[in-house]
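The values are calculated or read from the model by the stated rules, or taken from the named source; none is laboratory data. These figures come from a predicted structure and were not determined experimentally. Neighbour counts are summed over all protein chains in view; Cβ atoms, including those assigned to glycine, are modelled from backbone coordinates with ideal geometry. What goes into the accessible areas is simple: the full protein's heavy atoms, side chains included, and nothing from ligands, DNA or RNA. Shrake-Rupley method; radii C 1.70, N 1.55, O 1.52, S 1.80 Å.
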2 protein chains.
Amino acid sequence: MPAQRSTEGVNLRAFIRDIPDFPRPGIVFRDITPLLLDPRALAVAVARLARYAQDLEIDFVVAPEARGFILGGALAQALHAGFVPARRPGKLPHETLSAEYALEYGLDVLEVHADAIAGGARVLIHDDLLATGGTASALSDLVAKLGGEVIACAFLVELRLLGGRKRLVPHPVHALITYDE
Amino acid sequence: MPAQRSTEGVNLRAFIRDIPDFPRPGIVFRDITPLLLDPRALAVAVARLARYAQDLEIDFVVAPEARGFILGGALAQALHAGFVPARRPGKLPHETLSAEYALEYGLDVLEVHADAIAGGARVLIHDDLLATGGTASALSDLVAKLGGEVIACAFLVELRLLGGRKRLVPHPVHALITYDE
C-alpha cells in the first residue's frame, strides 16, 4: 500500500511544470499534471498531506471542484474521514449553502450540501493550489455556515507572494510545495 | 490504513440518495454525496474498485472532471498508478487532444494533455457514474489517440437501462452499484 512506502527522497517540486502566460499573459501556471502522472509522486503527495493532518482528528475533508477533488478524495480516505465536495452552482442536487469569492482571475460561487456535515465536525480544507486564498476562504465560510470547525488547510502548492495564507488566519496552513516568486 | 480493513458487510447502495426530478423533470438523480461523507463507505468504495483492477497491471487511471476525480485519484493511488485528468476545454495548460461526446443532457468536449501517457500504457477508465456511456466512450477515444490501451472501465454506479455498457464494447466494465430501473 502506498502509505507504507517511504516518502523520503522524493522532490515533489520537480514534478511541477511551469507554463508561461497561462491562463493570461504574465502568469506562470504551476501545472500539477506531471506529478499526478507519476505513481510515486502521487502517492507521496497524498501521504505527506495525510501525515500533516493525521493527529488532527479530522472528520471531513472539504475540497472544491475540480482539481481539489483529485487529492481530496484520496486524502479523506487516508485520514479515515468523509469527503465533502464544494461545487459550482447548480451541480449539487439537494439543498445547498453557497459562498461567493474572488478568484485570482474573476468572481465565482461555491456550494455545499446544507446537510453535508454535522455541527461540531472537525474539517480539513484542501485544494491543490493556494493563491490569493479566495477559494479556501469561501470554503472556510461554508464550513462555518454548516456549523463545522476548520482545523487546518492543506495544499499541494502555495504561491506565497499572493498572500493567501494571511487571508486564512487564524487557520493553520500547510503546503507541500511553495513558490516565493 | 483503509485498504487493510475488511470491505465485507458494507452495503454501498444504502449510501446513494435518490433525488427526483434533477437535473430535469422525470430524471431520478443518484446522489453519491452521502457515500462520500461516510468514511467507511468511501474507503470501501475505493477498496472495491481497486480490488477489481488490482491484477490488471494498470499504469494510469483516466477520469473526467469533476466527480470522476474524487474516487479516481484515490483509485490511482491504490493501484500504484498515475492519474490523468480529463477536463473541459481550456482548463489544461499544455498541448491537448480532445474528443466530443453526447451527454445524457447535451453535448460536451473533454481534453487530455497530449503527452499524458506513453504509448502502450495500460489504462483504467473511471467515472462515478455510467449512464449512456458517452463520457467513458470519449475517454476511450482519447486514450486511443494517446496510444494507450484501455484495459477496463470501473464505475461506482451504473444505470443499466441507459445501455452504456454496450457502448463500451469490447472493454470490460465493472460497477459497484447497479440500477435496473
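Some notes on this structure:
- Every residue from segment B:128-167 that is open to solvent by 20 Å² or more (accessible area, probe 1.4 Å) and touching a Pro at 6+ places or on another chain (Cβ under 7 Å): B:THR135
- Positions within segment A:53-70 being assigned to a loop (DSSP other than H, G, I, E, B), more than 7 Å from every other protein chain (Cβ to nearest Cβ) and crowded, with 18+ Cβ neighbours inside 10 Å, in sequence order: A:ILE58, A:ASP59, A:ARG67
- Among residues of segment A:14-40 that are facing chain B (nearest Cβ under 9 Å) and closer than 17 Å to A:ASP180 by Cα, none has a beta-carbon under 6 Å from a residue that is of a type in the set (Ser, Thr, Tyr) and open to solvent by 20 Å² or more (accessible area, probe 1.4 Å) at least six positions away or on a different chain.
- Qualifying residue in segment B:71-80 (condition: surrounded by fewer than 21 Cβ atoms within 10 Å (Cβ to Cβ), within 12 Å of another protein chain (Cβ to nearest Cβ) and either at negative phi or not in a strand (DSSP E or B) (or both)): yes
- Cβ pairs under 6 Å, 6+ apart, first in segment B:121-142 and assigned to a strand (DSSP E or B), second of a type in the set (Phe, Trp, Tyr): B:VAL123/B:PHE60; B:ASP127/B:PHE155; B:LEU130/B:PHE155
- Residue within segment B:168-178 that is touching a helix residue (DSSP H, G or I) at 6+ places or on another chain (Cβ under 6 Å), outside any helix (DSSP H, G or I) and crowded, with 24+ Cβ neighbours inside 10 Å present: no
- Filtering segment A:81-115 to residues that are more than 8 Å from chain B (Cβ to nearest Cβ), assigned to a strand (DSSP E or B) and among the aliphatic types (A, V, I, L, M) leaves A:ALA86, A:LEU97, A:ALA99, A:ALA102, A:LEU103, A:LEU107, A:VAL109, A:LEU110, A:VAL112.
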